[in-house]
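Quick notes on the structure that follows.
The values are calculated or read from the model by the stated rules, or taken from the named source; none is laboratory data. Model, not experiment: these values are computed from the prediction. Ideal geometry is used to build each Cβ from the backbone, glycine not excepted, and the neighbour counts take in all protein chains shown.
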Amino acid sequence: MTLPRAISIVSLAVWGTIAANASQAATETPVETADTTLILSDVTVTAIKQTADLSLQPLSTTVLTSGQIEKWHVNAIKNISEIAPNFYIPSYGSRLTSSIYVRGIGSRLDQPAVGLTVDNVPYLSKDSYDFDVLDIERVEVLRGPQSTLYGRNTMGGQINVYTLQPLNYQGSRVMATVGNGPEARLGISHYRKFSPSLAMSFSGSFSFFDGFYRNHYNTYKTDTEKGGTLRWKTQWQPREALMLENVASFNMYRQSGYPYQYAGSGMVNYNDTCFYRRNAVADGLTIKYNTGSVSIAGITSLQYVDDNMTLDQDFLPLNYFTLTQRKHEFNITQDVVVRGSNGFFKWMGGLFGFYKHTSMWAPVQLKEDMIDRMIVGPVNNNPAIPVSLQCNYPSILLDSHFRQPVWGTAVYLQTDFDLGRVNIALGQRLDYEHTSLNYNSLCATSFSAYMKSGIPPTPILTKELDVDLTGKLSDHFLQYVPKLTVSCDLDMRSRSSIYASVAKGYKSGGFNTQMFSTILQAHLEADLKGAMPGGASRPSELPDIRQTVAYLPETSWNYELGAHIFCADGRVVTDLSLFYIDCRNQQITIFPDAGTTGRITTNAGRTRSYGAEVQISYKPTLQWAFTANYGYTNATFLRYRDGAVSYRGNHVPYAPVHTAFASASYTHSLPRDWKLTYTLDCRCAGRIYWNEENSLSQPLYALLGGSVTANHGWISLEAWITNITNHKYNTFYFSSMGNDFLQQANPRRFGVTLRVNM
C-alpha cells in the first residue's frame with residue numbers, strides 16, 4: 001500500500017468507524033522485584049506514536065513502572081519532579097499554576113512548554129495539567145523537543161501517562177492514605193471483563209488536605225484543598241484487528257489560597273479573599289485498525305474546563321486591588337496516525353487538528369489604597385499642582401470580557417531506515433495555527449477636582465469617566481518542524497546503543513489578557529489628565545493594544561548526543577545525554593513595572609542552554625534496587641534588554657541548574673509469605689534564580705524521604721515520611737507593586753497508606 005493511498009484511507013476513517021488493535025506488547029517476562037511492571041497483552045492500546053519499549057530509542061527518556069510509581073508516590077505529574085533529570089515542577093500557588101521546566105525551557109503563563117497525554121488523549125491547556133490519576137501503569141517522560149510527532153507546545157518535552165487496562169487486569173483496588181496536616185486520600189477502582197472482547201473499569205478518588213500555613217489577617221488556612229476524580233474506561237475488541245478504547249474522566253478541586261508570604265515580615269497576611277476552583281470533564285476515544293503491514297489509529301478527544309481564580313493581588317493587608325479570572329474552555333482534538341513497514345524501511349504519518357475556545361471574565365478592582373497611590377496621590381502630594389483630586393467611588397472596576405478561539409492543523413511524517421546496526425530517522429511536520437482575541441474592556445468612574453487654596457476646598461470640576469475598549473486581534477503562525485536522528489547499536493554482550501539528534505522545537509504565540517487592566521488604567525489616567533484645568537489628553541502616549549498584549553512564537557534548535565548502555569545481563573542500565581539548545585524569542589513572564597496590575601508574557605530575544613543527564617539503575621539481586629539520576633542545565637540569556645538594562649549572561653529564571661534523585665530499596669522475606677520493603681530516597685534541586693537580574697535565588701536543597709512497606713499478597717501497609725530533616729526552602733519568589741513575596745515549601749510530612757488489590 002502506498003503512502004498517499006494510506007492517507008486517503010485515514011481521511012475517510014477518521015469520521016467513520018475505524019478501530020484499533022493493540023500496539024506493541026512486552027515480550028519478555030520482567031524480573032520479580034519491587035519495581036516490576038505488568039505484562040501487556042497484544043490488545044493494549046498504548047504507545048501509538050512511540051514503541052512500547054523506549055529503552056533503546058534515540059531519545060532522552062525516563063520511564064516509571066507501576067512499582068516505582070507506588071514506591072515514590074506518583075499520583076500526579078508534579079510528583080515526577082526531580083525524579084527525571086532536568087525535569088522540575090515547583091508546587092506553589094494552586095493547581096492552576098502547573099509550571100514545568102525542562103532543560104531551561106518552561107512556562108508560567110499561557111502556552112505550555114511540555115505536552116501531556118493521558119491514555120493517548122492530549123491536554124491542550126497547562127492550567128488543567130495538575131490532577132490526580134489512579135492506577136497508573138507507567139509514565140514516560142520524553143525530554144527535548146517532541147514537536148515533530150506531538151506538535152505545538154512540546155519544545156521542552158512530552159509526558160505520556162498510561163493507566164491500567166481492564167482487558168488485562170480484573171479485580172478491585174482500594175487505596176487509603178492518612179497523614180499529618182491533616183491529610184486524607186481515598187481511591188477505589190473496579191475492573192471487570194463482561195466478555196472476552198469487552199471490559200470496563202470504574203475508579204474514583206477523594207482527597208482532603210487541611211494545610212500548614214495560616215493567614216495572619218484572619219487566622220484562616222491558606223493552603224487547604226478538597227478534590228475528587230472519576231474515571232470510566234471501556235475497551236472493546238470485536239475482532240482481532242480492531243480495537244476501541246474510550247476514557248471519560250471528571251475532576252473537581254476546591255482550594256483556598258494563596259500561601260504567599262510578604263518577604264519583609266515572613267508572614268502570610270492579606271485582607272481579601274483568595275481561592276481556586278475547577279471542574280473539568282474530558283472524554284477520549286482511541287480507535288485502531290491493524291492490517292498487518294499497515295496500522296491506522298484515530299484519537300478523538302473532547303475537553304471542558306470551568307475554573308475560577310480569585311486573588312488579593314497585592315497580598316497585603318491593604319486595600320490595593322483584587323483579580324478574578326473566571327474561565328470556560330472547550331477543546332476538541334483529532335489525531336490520525338498511520339504506520340507501516342517494508343523490510344528495512346518504516347514510516348509513520350499523520351494528520352492533526354484542534355479547536356480551542358476560551359471565554360473569560362477577568363475583572364480587576366482598584367481599591368482606595370491603590371487609587372490613592374497610583375492616581376490621586378501623585379496629584380495631591382505635588383505642591384506644584386494647585387488642584388487636588390478625589391475619587392467619588394470607593395473602588396474602580398476595570399472589567400474585561402474575552403473570547404479566544406484558536407484552531408490549528410498539522411501534517412507530519414517520520415521515516416526510519418534500518419541499516420543493520422545503524423538507524424536513521426527523519427521527522428517532518430508542517431504546523432499551522434490561527435488565534436484570535438475578541439476583547440471588551442470597560443471602566444466607569446467619577447472624579448472631582450478641588451482648589452487646594454480654598455478653605456474649605458472648593459470643587460471646581462466633577463468628571464464622569466467612561467472607557468470602553470472593544471475590538472478584535474488575530475494572528476496566525478506557520479512552522480516547519482524537522483528532526484534528524486542517527487543511532488547505532490554497540491557491539492556489546494547486552495543490548496546498547498548511542499545516538500545523535502538535531503530537532504527543532506516550537507511554542508506558539510498569543511495574547512496577554514491580563515495586560516488589559518493596565519491598558520484600561522492608562523486610558524483612565526489619560527482621560528483624567530484631559531479633564532484637568534489646562535490639561536489635554538495625549539493619545540500618542542497611550543499604549544498600543546497589539547504591541548502591549550501580543551507575544552511571538554518561541555522556537556529552538558536542540559542538539560543532543562546520548563547513549564543507552566546495558567551491563568551485567570541487564571542488571572545495570574545507564575542512560576547518558578549531552579545537549580545544547582539555541583532558543584529564539586523565549587517566552588518569559590514578568591511584572592512590567594511597579595505601577596501595573598497585570599503580568600505579561602514577553603519574548604526574551606535569545607537564550608541558550610547546555611547540560612548533561614545521567615540515569616543509572618542497578619538491581620544486583622531480587623532484594624535490592626538502586627536508582628540514581630542527575631541533571632545539569634546552564635541556561636542563560638544571550639540577548640535580552642529590559643529598557644536600558646541588559647541581562648546578557650544572566651541565568652534564565654525559575655529553571656534549576658541542578659536536579660538529582662537517588663533511591664535505594666531492600667525487600668526482606670518474612671514467614672507466612674510476608675515481605676518488608678525498606679526505601680530511602682533523596683530529591684535535590686537548585687540553584688533557582690527568581691528574577692532576570694539574578695539578585696534573588698534559592699540555593700540547592702536536598703529532601704530526604706523514606707518508607708517501610710509490609711506486603712502480603714493482596715494487601716500492603718506502608719508507613720512513609722517526606723522531608724525528614726524538615727528543611728525550609730522556597731518554591732516561589734516574585735515581586736509585585738514593588739514588594740517581594742515568597743512561598744515556603746511544605747514542612748515534614750508523614751503518614752500511612754493502605755492498598756488492597758482483590
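Within the range 289-315, which residues are buried (at least 21 other Cβ atoms within 10 Å of the Cβ) and closer than 30 Å to P394 by Cα?
D307, M309, L311, D312, Q313, D314, F315, listed by residue number.
Answer yes if at least one residue in the range 410-419 is outside any strand (DSSP E or B), within 25 Å of Y559 (Cβ to Cβ), hydroxyl-bearing (S, T, Y) and at pLDDT 90 or above, and no otherwise.
To start, the set of residues in the range 410-419 that are outside any strand (DSSP E or B) comprises none.
No, every residue in the range 410-419 fails to be outside any strand (DSSP E or B), within 25 Å of Y559 (Cβ to Cβ), hydroxyl-bearing (S, T, Y) and at pLDDT 90 or above.
Of all residues in the range 407-443, which are among the hydrophobic types (A, V, I, L, M, F, W, C) and surrounded by 20 or more Cβ atoms within 10 Å (Cβ to Cβ)?
Taking the range 407-443 first, the residues among the hydrophobic types (A, V, I, L, M, F, W, C) are 407, 410-411, 413, 417, 419, 422, 424-426, 430, 437, 442-443.
Selection gives A410, A425, L437, C443.
Confirm whether S265 is farther than 19 Å from A297 by Cα and either among the basic types (K, R) or part of a strand (DSSP E or B) (or both). Quick ask: steps written out before the conclusion?
On the way: farther than 19 Å from A297 by Cα: yes; either among the basic types (K, R) or part of a strand (DSSP E or B) (or both): no.
Answer is no for this residue.
Condition check: over 28 Å from V114 (Cβ atoms), part of a strand (DSSP E or B) and either in contact with a His (Cβ under 6 Å, 6 or more places away or on another chain) or hydroxyl-bearing (S, T, Y) (or both). Does Y632 satisfy that? Reasoning before the result, please.
Values: over 28 Å from V114 (Cβ atoms): no; part of a strand (DSSP E or B): yes; either in contact with a His (Cβ under 6 Å, 6 or more places away or on another chain) or hydroxyl-bearing (S, T, Y) (or both): yes.
The answer is no for Y632.
The conditions are (1) closer than 26 Å to F732 by Cβ; (2) surrounded by fewer than 20 Cβ atoms within 10 Å (Cβ to Cβ), and D223 fails exactly one of them. Which is it?
Checking D223 against (1) closer than 26 Å to F732 by Cβ; (2) surrounded by fewer than 20 Cβ atoms within 10 Å (Cβ to Cβ), the one that fails is (2).
Listed here are the residues, each with its yes/no results for (1) at pLDDT below 85; (2) over 27 Å from L149 (Cβ atoms); (3) not small (G, A, S).
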residue: S441; (1), (2), (3): no, yes, no
residue: E464; (1), (2), (3): no, yes, yes
residue: S496; (1), (2), (3): no, no, no
residue: Q514; (1), (2), (3): yes, yes, yes
residue: L524; (1), (2), (3): yes, yes, yes
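With the condition kept exactly as written, say whether any residue in the range 165-181 is free of Cβ contacts under 8 Å to residues at least 40 places away in the same chain, part of a strand (DSSP E or B) and surrounded by fewer than 19 Cβ atoms within 10 Å (Cβ to Cβ).
Within the range 165-181, the subset free of Cβ contacts under 8 Å to residues at least 40 places away in the same chain is 170.
Retained after the next criterion (residues that are part of a strand (DSSP E or B)): none.
No: zero hits.
List the pairs whose first member sits in the range 216-230 and is under 17 Å from Q743 (Cβ atoms), whose second member is buried (at least 18 other Cβ atoms within 10 Å of the Cβ) and charged (D, E, K, R), and whose Cβ atoms are under 9 Å apart, counting only residues at least 6 apart or on separate chains?
The qualifying pairs are E225/R95.
Looking at the range 603-635 only, could you name the residues that are at pLDDT 95 or above and polar (S, T, N, Q)?
Correct list: S609, Q615, S617, T627, N629, T633, N634.
Kindly indicate the residue of the range 384-409 that is part of a loop (DSSP other than H, G, I, E, B) and either within 25 Å of the chain's Cα centre (by Cα) or modelled with pLDDT under 85 (or both) and also farthest from K452 (Cα to Cα) among those meeting that condition. Full working, then the answer.
We begin by selecting, within the range 384-409, every residue part of a loop (DSSP other than H, G, I, E, B); these are 384-386, 392-395.
Now restrict to residues that are either within 25 Å of the chain's Cα centre (by Cα) or modelled with pLDDT under 85 (or both): 384-386.
On the way: A384: 11, I385: 9, P386: 6 Å.
Step by step, filter the range 384-409, then rank; the result is A384.
Name the single residue that is modelled with the highest pLDDT among those in the range 639-678 being crowded, with 20+ Cβ neighbours inside 10 Å and within 13 Å of E693 (Cβ to Cβ).
Selected residue: H651.
May I ask you to list the residues in the range 450-490 that are of a type in the set (D, E, K, R) and within 30 Å of F566 (Cα to Cα)?
So in the range 450-490, the residues of a type in the set (D, E, K, R) come out as 452, 463-464, 466, 468, 472, 475, 483, 489.
Once the filter is applied, which keeps residues that are of a type in the set (D, E, K, R) and within 30 Å of F566 (Cα to Cα), the range 450-490 yields K483, D489.
Inside the range 453-476, can you point out the residues that are surrounded by fewer than 15 Cβ atoms within 10 Å (Cβ to Cβ) and part of a loop (DSSP other than H, G, I, E, B)? Steps first, please.
Taking the range 453-476 and keeping what is surrounded by fewer than 15 Cβ atoms within 10 Å (Cβ to Cβ), we get 453-456, 458-462, 464, 466, 468, 470-472, 474, 476.
Passing the criteria: S453, G454, I455, P456.
Kindly indicate the residue of the range 87-141 that is of a type in the set (G, A, S), touching a residue at least 40 places away in the same chain (Cβ under 8 Å) and part of a loop (DSSP other than H, G, I, E, B) and also surrounded by the most Cβ atoms within 10 Å (Cβ to Cβ) among those meeting that condition. Spell out how you get there, then give the answer.
Taking the range 87-141 first, the residues of a type in the set (G, A, S) are 91, 93-94, 98-99, 104, 106-107, 113, 115, 125, 128.
Applying the additional criterion that residues be touching a residue at least 40 places away in the same chain (Cβ under 8 Å) yields 91, 93-94, 99, 104, 106-107, 113, 115, 125, 128.
Now narrow it down to the ones that are part of a loop (DSSP other than H, G, I, E, B): 91, 93-94, 99, 104, 107, 113, 125.
Working: S91: 19, G93: 23, S94: 25, S99: 24, G104: 27, S107: 25, A113: 25, S125: 21.
Among them, the one singled out is G104.
Looking only at the range 687-709, decide whether some residue is without any contact (Cβ under 8 Å) to a residue 24 or more places away in the chain and more than 32 Å from the chain's Cα centre (by Cα).
No, the range 687-709 has no match at all.
Of all residues in the range 268-288, which are surrounded by 21 or more Cβ atoms within 10 Å (Cβ to Cβ), in contact with an Asp or Glu (Cβ under 9 Å, 6 or more places away or on another chain) and part of a strand (DSSP E or B)?
Y276, R278, A280, G284, T286, I287, K288
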